[in-house]
Amino acid sequence: MTVVSSTASTEMPWKTAGPKSVPQAFPYQGSKRLLAPQILSLFPDGGVSRLIEPFAGSGAISLAARYYGLASSILLSDVNEPLMEMWRLIIEDPERLVGEYARMWNEQLADPRGYYLSIRDKFNATHEPALLLYLLCRCVKAAVRYSQKTGDFNQGADHRRLGAKPHNIAMRIAAASGLMQGAKVEACGYEEPLVNADADDLVYLDPPYQGTSDVPDHRYLKGLQRDVFVDVLQKAVDNKVSFVVSYDVVTDDNKYGYALPSELGLTHRHIVAGLSSQATLMGKSQTTVESLYVSPALMERLGGPDRVDSCLGLGLEPMSQDALFSVVR
């Protein structure tokens, strides 16, 4: 196991500027915004012609790549159709999306609790993307939850706040829209965008972690079968696709699932990710370490393990899990 330090590099402005300088269109639990500097460090020199981000979510890596000029074109995809339609509006018609959000934000003031529930019911019936934006801004910790049985959005509201004010949402979405102009958005699974990527593309995958999608109120519309995922990754390796995967998470008292099989030939590194947002929801303070896996094709483009470790600012020798958490505690 290897620890990645936060050492900044003058050759990598995304490390010195910090992740919070990159616009965020909407709140989304599990976003890789804070890990973007490390992930961007795995881009080939000069960036890529196209970044593909299945499991798009908040599009944190795509936004960061565009912000720092590391991706000429972008493909965002996800099986969550309302989320992808919301991204289309962010890119193509941000004024409409902001206007609908502002209307809802003001309408809620008379009865915030009742209004949230009415919007949630309406979203589950219609899947209108503007309603999803309102729910994301109002729900507890921006933690999306869907019923495993019905697929309905069922997360409750954070009654301590009313969500971001329309003016702030307008600024965030305008900034994100400007960065993402020309990006392509698709509502689809991860398999085809990954396996059919071109040789000069880069694919970043942030799939559901093991143990987070097979519970009664899971975070994703669809879970992820590990054996199927491994098979698809093998096809991508065989097709010499350059990809990075964020997968299992190690915490100081447990681990979500198992590492990806060594037979895939992926290079595995651990990134100290800070406090667990899931643990915070449960009233705990817990450090997490996220796994990054680099495909052989990308490793070759980057110049091998030593070059990757240098880009990541790696400063420690491999160590046991116990020793790792003696560092991060």
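The values are calculated or read from the model by the stated rules, or taken from the named source; none is laboratory data. Here the structure is a predicted model, which is why all the values come from computation and not from measurement. Note: ideal-geometry Cβ built from the backbone for every residue, glycine included; neighbour counts use all protein chains shown.
Quick look at the values:
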{"quantity": "Among residues of the range 231-282, those that are part of a helix (DSSP H, G or I) and modelled with pLDDT of 95 or more, counted", "calculated": "10"}
{"quantity": "Residue in the range 176-193 that is touching a helix residue (DSSP H, G or I) at 6+ places or on another chain (Cβ under 6 Å), farther than 16 Å from residue 99 by Cα and part of a strand (DSSP E or B) present", "calculated": "yes"}
{"quantity": "Complete set of residues in the range 114-151 that are more than 13 Å from residue 101 (Cα to Cα), at pLDDT 95 or above and under 22 Å from the mean Cα position of the chain (by Cα)", "calculated": "127, 139"}
{"quantity": "The range 37-51, residues that are within 18 Å of residue 206 (Cα to Cα) and modelled with pLDDT of 90 or more", "calculated": "39, 40, 41, 42, 43, 50, 51"}
{"quantity": "Residues of the range 87-101 that turn out to be buried (at least 16 other Cβ atoms within 10 Å of the Cβ) and over 16 Å from residue 53 (Cα atoms), as a count", "calculated": "7"}
{"quantity": "Residues located in the range 163-194, provided they are among the aliphatic types (A, V, I, L, M) and surrounded by fewer than 17 Cβ atoms within 10 Å (Cβ to Cβ)", "calculated": "171, 174"}
{"quantity": "Test: residue 97 is without any contact (Cβ under 8 Å) to a residue 60 or more places away in the chain and more than 18 Å from residue 29 (Cβ to Cβ)", "calculated": "no"}
{"quantity": "Some residue of the range 33-54 being in contact with a Gly (Cβ under 7 Å, 6 or more places away or on another chain), of a type outside the set (A, V, I, L, M, F, W, C) and crowded, with 21+ Cβ neighbours inside 10 Å", "calculated": "yes"}
{"quantity": "Failed criterion for residue 71 (all others in (1) surrounded by 22 or more Cβ atoms within 10 Å (Cβ to Cβ); (2) over 19 Å from residue 15 (Cα atoms) hold)", "calculated": "(2)"}
{"quantity": "Any hit, the range 201-218, residues being buried (at least 18 other Cβ atoms within 10 Å of the Cβ), more than 16 Å from the chain's Cα centre (by Cα) and modelled with pLDDT of 95 or more", "calculated": "yes"}
